[in-house]
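Notes follow once the structure below has been shown.
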Amino acid sequence: LFVCMLSVENKIDAFRSAAPPYQLSEELKTNINNYSVAVMLSVNVSAYKGGVPRNHVLDILKRYRFDLPPGIEHDLANWEKISAYVSYALTQTRSKVKKAIRESIKANTNIFTLSQAIVQSTPCRTTVQLCARVALMRAIHEECNGGEKYWNLIDARLEFIRSRAGSSASKMAKAFNEVLRLDRAKYGADDEYIIGDTITDEWQQRVDEVVAGTSDT
């Protein structure tokens, strides 16, 4: 019996040694790319850099699994590969958004058109709340001329707004509405457009719930 057990263990070890290193599938990369955009565009996200958005995307992966191998989050080496790709996807998203905002300032693009361009090819809808978030991004870009600390400055401003509003959702909304009002008065002021009272897409709602920590487990 002991000899048989050793034989089985040796076969398992040989199988593990022969197995190719784990690589992210293209399907998983696509899901990570899409959910990275959704997290960055969430009206509930508290920071755009660092561990906050990355952990939100990883939480979504753990929740919906996609084609993740069972228990891979407990395999630190392979989970790090996934985490690294999430960080990469978020970096690419930030770069695209920043570029769109920079070009919108030069072109005097109204906030609705800018927000539509940012959510293009995603299920996200151009809501008032989303436009207000994008307006804040544009305001900070103008202040720092899109410098290296751009996203850090946005995160700092978000923290300032939250600290001033406390637990009051109405105060938060009022602060963002003011940012949006100033943006509309400055960019594309002569354009005729309406930011409708659009309901967030169900897909984005699920992301917002995870980001806010209100989703069912």
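Computed from the coordinates by the stated procedures, all read-outs in this text should not be read as laboratory data. For clarity, every value in this text was computed on a predicted model and none was experimentally measured. Using ideal geometry, Cβ is built from the backbone for each residue, glycine included, and neighbour counts are taken over all protein chains shown.
Between Lys171 and Lys99, what FRET efficiency comes out of the Förster formula 1/(1 + (r/R0)^6) with R0 = 22 Å and r the beta carbon distance, rounded to 0.05? Don't skip to the end; give the middle numbers.
On the way: r = 32 Å, r/R0 = 1.46.
Result of the calculation: an efficiency of 0.10.
Fewest to most neighbouring Cβ within 10 Å: what's the order for Ser170, Ser104? Could you put the intermediate results ahead of the total?
On the way: Ser170 8, Ser104 23.
Ascending number of Cβ neighbours within 10 Å: Ser170, Ser104.
Measure up Lys98/Lys149; Lys29/Lys149; Lys49/Lys149; Lys99/Lys149; Lys106/Lys174; Lys29/Lys81 against 19 Å on the Cα-Cα distance and list the ones that go over. Please list the in-between numbers first.
Working: Lys98/Lys149 12 Å; Lys29/Lys149 28 Å; Lys49/Lys149 11 Å; Lys99/Lys149 15 Å; Lys106/Lys174 28 Å; Lys29/Lys81 11 Å.
Long pairs (Cα-Cα over 19 Å): Lys29/Lys149; Lys106/Lys174.
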Q. For the chain, what's the relative contact order in percent, using C-alpha pairs closer than 8 Å and at least 6 residues apart?
A. 28
Q. Dipole size in debye (nearest 20) for segment 23-210 around its Cα centre, Lys and Arg Cβ +1, Asp and Glu Cβ -1?
A. 480
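If I take every Cα pair under 8 Å that is 6 or more residues apart in segment 27-95, average their sequence separation and divide by the length, what percent do I get for the relative contact order? Display every interim value, and only then the final one.
On the way: 49 pairs, mean separation 32.2, N = 69.
Relative contact order for segment 27-95 comes out at 47 percent.
Computed FRET efficiency, Cβ-Cβ of Glu202 and Asn145, R0 41 Å: what is it to the nearest 0.05?
Values: r = 38 Å, r/R0 = 0.93.
Approximately 0.60, to the nearest 0.05.
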(Q) Within 10 Å, at most 15 other Cβ atoms, and a DSSP state outside H, G, I, E, B define an exposed site. Report the longest part of the chain free of exposed chymotrypsin sites (Phe, Trp or Tyr not before Pro). (A) 67-192
Q. Dimensions of the chain along principal axes (Cα, Å, largest first)?
A. 83, 35, 29
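If R₀ is 22 angstrom, what is the calculated FRET efficiency for the pair Arg181 and Ala156, using the beta carbon separation as r and rounding to 0.05?
Values: r = 22 Å, r/R0 = 0.98.
For R0 = 22 Å, the calculated efficiency reads 0.55.
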